[in-house]
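Worksheet for the structure shown next.
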Amino acid sequence: MAEIILHPEVEAALVAASPIVLLETAVLTAGMPDAPWRDDWALDALETAVPGWDTTVSLALELGRRMEASVRDHGAVPCMTAIIDGNLHLGIEQESLAGLVKRGHGAKASMTSIAHVMQAGRCAGTTVSGALLACKVLNNCRDEDTSWAPTLATGGIGGVHRNWQDSPDVSVDLHAMATTRACIVASGSKSILDTSATLEVLESNGVPVLGWQTDQWPAFITKTPDDAPRITRIEEAAEVKRTCSTQWDVLNLEASILLANPLDEALALDNELHDQHASAAELAAADRNATGIDRTPFLLGYMADATQGRSVAANLALLLDNASR
């Protein structure tokens, strides 16, 4: 029977009300290739974005290791969430991480699919909504007298896809965020999405959006445009903590708080060129009938090839930076 397995280190941190940072793993199984940096991609982009990257090992595995190390370096306990042999793991060992990348390649589990993936005994990475389900588990395990909620670090949240007027496609991430207590650190929504529509749905669902030292909604791996929607600017970590406490302990609200952390402008892609590639990717996805859970991985893979890996390098940089917050 499928189980929820809490890693001893995470359990100890939970008892002590120590900082825990959850990490979604769909980026490792379905977002990054289980292969080294490709020879036909721009190596200079990788070296600029993430100096010292080992180009001889799997991108997904190296990213997973580095994200955990980044969390530890900043004084928190990493909690990778994943489905392994049908069990939901909250925290995994290094050997399990390597196995997940191999055996779960191409597979991801969201809030809507996680139960079926578990009962089937499969391996899969968790999306943002899948990791938020793990947050619910941790929230239910904690001492009710302790003011605490986990942090979830990711790259970009799922949201409303482009051309939604013709083909409605809205990620369950947005519903999960509206119903789960967690502070989510992300660089806006994935830039293959309709970012303005995504922000509007967050507003409609009562999810507060704070900008880490910015008053504009970040554009994921692209430069933040001058006309980007305005959000509430936050300058210090203490202000984030006070806002979270007021949201959950004083007002007793259940929605997450989204802390939008923009990518360094020097590493971000040009908006106009990116949009050209994104439009071409949408046409290719329609031609290949890449829909549902297959749509985002297809679009990201198309974008990686079109930018000679520059989109991948930018994504690596923001993932590691978000894990450090």
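Between amide H atoms placed 1.01 Å from N, distances below 5 Å from residue 189 occur with 157, 220, all of them 5 or more places distant or on a separate chain. State the answer as a single residue: which of 185, 141, 261 lies farthest towards the positive end of the charge dipole of the chain, with beta carbon charges of +1 for Lys and Arg and -1 for Asp and Glu, about the Cα centre. Result: 141.
What does the net charge come to around residue 250 if you take all other residues with beta carbon closer than 14 Å to its beta carbon, with K and R at +1 and D and E at -1? Each step should come with its number before you reach the end.
Working: positive: 181, 241, 242; negative: 249, 254.
That sum, taken over residues with Cβ under 14 Å, equals +1.
Of the listed residues 298, 220, the order by accessible area with a 1.4 Å probe, largest first, is 298, 220.
Largest GNM mean-square fluctuation across 71, 50, 117, computed for the chain with C-alpha springs under 10 Å, falls on 50.
Place a label point 7 angstrom from the Cα of residue 94 along the Cα-to-Cβ direction, then list the residues of region 59-83 whose backbone nitrogen is under 14 Å away. Correct set: 61-70.
Remark: relative contact order (region 1-139) = 34 percent; criterion is Cα-Cα distance under 8 angstrom and separation of 6 or more residues.
With R₀ fixed at 25 Å, the C-beta to C-beta distance from residue 215 to residue 264 puts the FRET efficiency at about 0.90. Inter-label distance, residue 65 to residue 305: 2.9 nm, where each label sits 7 Å from its Cα along the C-beta direction. In order along region 3-14, the phi-based Karplus estimate (6.51 cos²θ - 1.76 cosθ + 1.60, θ = phi - 60°) of 3J(HN,Hα) comes to 10, 9, 10, 9, 5, x, 5, 5, 4, 5, 5, 5 Hz; Gly and Pro are listed as x. Solvent-accessible area of residue 161, all protein chains in place: 10 Å² (probe radius 1.4 Å, heavy atoms, ligands and nucleic acids excluded). Helical content of the chain, expressed as a calculated mean residue ellipticity at 222 nm, amounts to -12000 deg cm²/dmol (DSSP H runs of 4 or more residues, -39,500 (n - 2.57) each, divided by residue number, nearest 500). A probe of 1.4 angstrom, applied to the heavy atoms of all protein chains, finds residue 160 with accessible area near 10 square angstrom.
Restricting attention to the chain, close to 25% of DSSP beta bridges with both partner residues there are antiparallel. Rounded to the nearest 20, the size of the Cβ-charge dipole of region 153-227 about its Cα centre is 300 debye, with Lys and Arg at +1 and Asp and Glu at -1. Each part gets one Cα centre, and for region 43-84 versus region 246-269 those centres are 22 Å apart.
Based on every Cα atom in region 6-82, Rg and the maximum pairwise Cα distance Dmax equal 14.8, 48 Å.
Three principal axis extents of region 215-320 based on alpha-carbon atoms, in descending order, are 50, 32, 27 Å. For region 161-288, the Cβ-based charge dipole about the Cα centre amounts to some 440 debye (Lys, Arg positive; Asp, Glu negative; other atoms uncharged).
Looking at the chain, which longest stretch skips every one of the GluC sites (Glu not before Pro) that is in a DSSP loop with at most 11 other Cβ atoms within 10 Å, leaving the sites themselves out?
Values: sites that count: 3, 144, 235, 236, 265.
Maximal segment without exposed cleavage sites: 4-143.
Note on residue 103/residue 137: beta-carbon distance plugged into 1/(1 + (r/R0)^6) with R0 of 30 Å gives a FRET efficiency of 0.85.
Taking the Cα centre of region 1-127 as origin and charging only Cβ (+1 Lys, Arg; -1 Asp, Glu), how large is the dipole, in debye to the nearest 20? Present the calculation step by step, with values, prior to reporting the outcome.
Values: 8 positive and 16 negative charges, 74 e Å.
Dipole about the Cα centre, nearest 20: 360 debye.
Working from Cα pairs under 8 Å separated by at least six residues, relative contact order for the chain is 20 percent. Computed over the chain, the P(r) curve from all C-alpha pair distances, binned at 10 Å from the origin, holds 6, 28, 38, 23, 5, 0 percent per bin. Principal semi-axes of the equivalent ellipsoid, √(5λ) from the alpha carbon gyration tensor of region 5-160, are 27, 19, 13 Å from largest down. Farthest towards the positive end of the charge dipole of the chain, among the residues 20, 198, 160, is the Cα of 20, using unit charges on the Cβ of Lys, Arg, Asp and Glu.
The values are calculated or read from the model by the stated rules, or taken from the named source; none is laboratory data. Predicted, not measured: the structure shown is a model, and the values here were computed from it. Ideal geometry is used to build each Cβ from the backbone, glycine not excepted, and the neighbour counts take in all protein chains shown. Please note that ligands, DNA and RNA were not included when accessible areas were found on the heavy atoms of the full protein model with its side chains. Shrake-Rupley method; radii C 1.70, N 1.55, O 1.52, S 1.80 Å.
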